[in-house]
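Trainee: Pasting in a structure now, in structure tokens, and then I'll have a few things to ask.
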Amino acid sequence: MKRRVGGLETEYGLVCVRADGSRALEPEAAARELFRPVVAMGRSSNVFLRNAARLYLDVGSHPEYATAECDDWWDLVAQDRAGDRIFADLAAQANERLAADGQDARIHLLKNNVDSAGNAFGSHENFLVDRRGEFTRLPRYLLPFLVTRQIVTGAGGVVRSEPEDGAAGGAPAQFVFSRRSDHMWEAVSSATTRTRPIINTRDEPHGDPTRFRRLHVIVGDSTMSEVSTHLRFATTDLVLRAIESGRALPELALHDDITAIRAVARDLTGTAPLPLAGGGTTTALEVQQRWLDHVTEFADESEQAVLETWQRALDTVRTGDRTWAAQNLDWAIKERLFTQVAERRGVDLGDPAIERLDLAYHDIDPGQGVFAALQRRGLAPQRLAEARIEAARTTAPTTTRAHLRGQVVTAAQEHGVDHVVDWTTLRLTRPGAMPIQVLDPFTTELPAVDALLAEIRSQGTAAPAQPMPFA
Ligand SMILES: Nc1ncnc2c1ncn2[C@@H]1O[C@H](COP(=O)(O)OP(=O)(O)OP(=O)(O)O)[C@@H](O)[C@H]1O
Ligand SMILES: [Mg+2]
């Protein structure tokens, strides 16, 4: 597929603490407070916004934002960043209500993947693929790429590895490319939580099932850096295109994906031997470089910047020179930050202060989050213009069917007309209203939608309702 649709689902960690750091509200109660304006406006904790994204409360009290369908990966980053701001505003509003109520309680939303109790939650990438392509052939080529992709796009973090010799004193704390690697239990499966696979095969295309499938990639870390988020989609898209092209591909199937993903996380040199299914070994750096070299053969002019950034990321691991990466890639930004703070305080990386810093890095509150503070000091990237991120809060991507959904939701909100939409369907809730199906994610114009918009405008109340106050 030359043009591909994709979307990113982010589950946020939710904590509500007192000024002394102890827990103030249980997650369920904090989530209820957070979603109060959403439920008041949308009469549900599962709504679609004017930017065509889905905002909802998933099981386990993890607020989730799923971006609209994008076919440009910088658009996707803008839509994702807009989601952070929408949730940051909801949290700020909830905190004002709690304070006005005299409660010593503050909600924090964390765009990360593991909470302090060791529970993992997700950041799922969705890619449209052709039904006729051999879906069953995908994992063989995609898995080695995804297992090793963390050396580029991992969020970084600290784990306590098992001591190799059972020595006393506990396991040493160690910086890793991705903590999520330890929470992956299967390579491919149709479950998302129970066994947590790298690729989820649940067949839910959100489109014409005879033409499309939706590839659901579960392995990614939530990334704060726009460069890291962009690379997750841009590199995977290129690899998918290579697989779809039918040409000869790098044969790098690993002997054991799950053992390998944990080993890759812990090896900051990228050179630890990874046994291949067909005998012999490879390394994380080799797998990534082979794929990069392979896709370079057919990438076009507009993709040169992605190839260069990908190469820079690999060179960082190969040479150990962090100059560029420590200001661009999440794992390297965190590696430098944690190392500096640990040295300054005379503690090791396993110290609780470093764990708190890790959480604060992912706090989406623009005033309290460490990532936002680093951005202000020029130590973390901001590639997208401020205006583009702000516009993405209320404007859907214009090059996919999200454009249609965005128009319908915007008009319905402005005119106070009850409606129900999902990824494929648009309809009014009045009795007898016919649903409009948009089964091709690339559709951006449809006469039936024009008619629906005219109906909404004619039905609308004389004094239009205000759009949702948070987006
Ligand atoms: N045909 C498609 N191909 C690829 N991505 C799609 C397609 N249709 C929708 N998407 C994207 O897939 C994501 C779906 O998010 P959603 O949270 O609803 O996921 P789900 O897997 O269907 O459900 P849940 O998270 O409730 O299990 C969105 O980011 C959306 O933009
Ligand atoms: Mg979801």
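Trainee: Quick one: plug the Kirkwood hydrodynamic radius of region 74-195 (C-alpha pairs) into Stokes-Einstein at 4 °C, 1.567 mPa s, and report D in µm²/s.
Mentor: The calculation lands on 70 µm²/s.
Trainee: Here's something else I'd like to know. Can you give the log10 of the normalised intensity I(q)/I(0) at q = 0.11 Å⁻¹, computed with Debye over equal Cα scatterers of region 145-290?
Mentor: The Cα Debye sum returns log10 ratios of -0.47.
Trainee: What is the chain by shape, rounded, prolate or oblate, if you read a ≥ b ≥ c off the alpha carbon gyration tensor as root eigenvalues and call it rounded for a/c under 1.5, prolate for a/b larger than b/c, and oblate otherwise? Display every interim value, and only then the final one.
Mentor: On the way: a/c = 1.95, a/b = 1.24, b/c = 1.58.
Because a/c hits 1.5 or more and a/b fails to exceed b/c, the chain counts as oblate.
Trainee: Given +1 on the Cβ of Lys and Arg, -1 on the Cβ of Asp and Glu, and no further charges, what dipole in debye does region 392-459 carry about its Cα centre, rounded to the nearest 20?
Mentor: On the way: 6 positive and 7 negative charges, 25 e Å.
Around 120 debye, computed over region 392-459.
Trainee: Given points 7 Å out from each Cα along the Cα-Cβ axis, report the residue 269 to residue 140 separation in nanometres with one decimal.
Mentor: In this crude label model, residue 269 to residue 140 measures out at 3.3 nm.
Trainee: So, one more: Full extension from residue 210 to residue 241: what is 0.36 nm times the residue separation minus their Cα-Cα distance, to one decimal in nm? Kindly include the intermediate steps, with their values, before the conclusion.
Mentor: Working: separation 31, 0.36 × 31 = 11.16 nm, distance 1.99 nm.
Full extension of this stretch gives 9.2 nm more.
Trainee: Can you compute the helix-only [θ] at 222 nm over the chain? Use -39500 (n - 2.57) per DSSP H run of at least 4 residues, normalise by all residues, nearest 500 deg cm²/dmol.
Mentor: On the way: 14 runs with 184 residues, N = 471.
Taken over the chain, the calculation gives -12500 deg cm²/dmol.
Trainee: Give me the one-decimal nm value for the distance between modelled label points at residue 440 and residue 132, 7 Å along each residue's Cα-to-Cβ direction.
Mentor: 1.4
Trainee: Moving on. Span-like helices, the chain: DSSP H, alpha-carbon axial extent 20 Å or more, mean Kyte-Doolittle -1.0 or greater, which ones?
Mentor: Working: long enough: 73-100 (41 Å, -0.23); 138-153 (21 Å, 0.78); 226-244 (27 Å, 0.27); 304-319 (22 Å, -0.40); 330-345 (22 Å, -0.88).
Span-like helices here: 73-100, 138-153, 226-244, 304-319, 330-345.
Trainee: Give, in nm to one decimal, the length gained when the segment between residue 315 and residue 382 is fully stretched (0.36 nm per residue of separation minus the Cα-Cα distance).
Mentor: On the way: separation 67, 0.36 × 67 = 24.12 nm, distance 2.17 nm.
Once the chain is fully extended between residue 315 and residue 382, it gains 21.9 nm.
Trainee: Explain nothing, just the number: dipole magnitude of the chain about its Cα centre with +1 on each Lys and Arg Cβ and -1 on each Asp and Glu Cβ, in debye rounded to the nearest 20. List each step's numbers first, then the result.
Mentor: Numbers: 53 positive and 65 negative charges, 103 e Å.
The calculation lands at about 500 debye.
Trainee: Quick check: pseudo-label points 7 Å beyond the Cα along Cα→Cβ at residue 455 and residue 46, how many nm apart are they?
Mentor: In this crude label model, residue 455 to residue 46 measures out at 2.3 nm.
Trainee: Right, another one. Classify region 227-292 from the C-alpha gyration tensor, please: rounded if a/c falls under 1.5, else prolate or oblate depending on whether a/b exceeds b/c.
Mentor: Cα axes put region 227-292 in the oblate bin.
Trainee: Rounded, prolate or oblate: which one fits region 7-68, using the alpha carbon gyration tensor with axes a ≥ b ≥ c (rounded when a/c is under 1.5, else prolate when a/b beats b/c, else oblate)? Before the final figure, lay out each step's value.
Mentor: On the way: a/c = 2.71, a/b = 1.74, b/c = 1.56.
Cα axes put region 7-68 in the prolate bin.
Trainee: Pick out, in residue order, every one of the trypsin sites (Lys or Arg not before Pro) in region 4-110 that is DSSP loop and has at most 10 other C-beta atoms within 10 Å; say none if there are none.
Mentor: Numbers: sites: 4, 18, 23, 32, 43, 50, 54, 81, 85, 97, 106; in loops: 4, 18, 43, 50.
In loop regions of region 4-110 (DSSP not H, G, I, E or B), the sparsely surrounded trypsin sites (Lys or Arg not before Pro) are 43.
Trainee: I would also like to ask the following. What net charge is computed for the residues neighbouring residue 403, neighbours being all others with C-beta under 12 Å from the C-beta of residue 403, Lys and Arg scored +1, Asp and Glu -1?
Mentor: With Lys, Arg at +1 and Asp, Glu at -1, the neighbours total -1.
Trainee: For region 392-459, state the semi-axes of the equivalent ellipsoid (square roots of 5 times the eigenvalues of the alpha-carbon gyration tensor), sorted largest first and rounded to whole angstrom. Can you show the working numbers first?
Mentor: Details: eigenvalues 65, 39, 20 Å².
The equivalent ellipsoid of region 392-459 has semi-axes of 18, 14, 10 Å.
Since every read-out is calculated from the coordinates, none of them should be taken as a lab result. Fair warning: this is a prediction, and the values are worked out from it, not measured in the lab. Neighbour counts run over all protein chains shown; Cβ positions are idealised from the backbone, glycine included.
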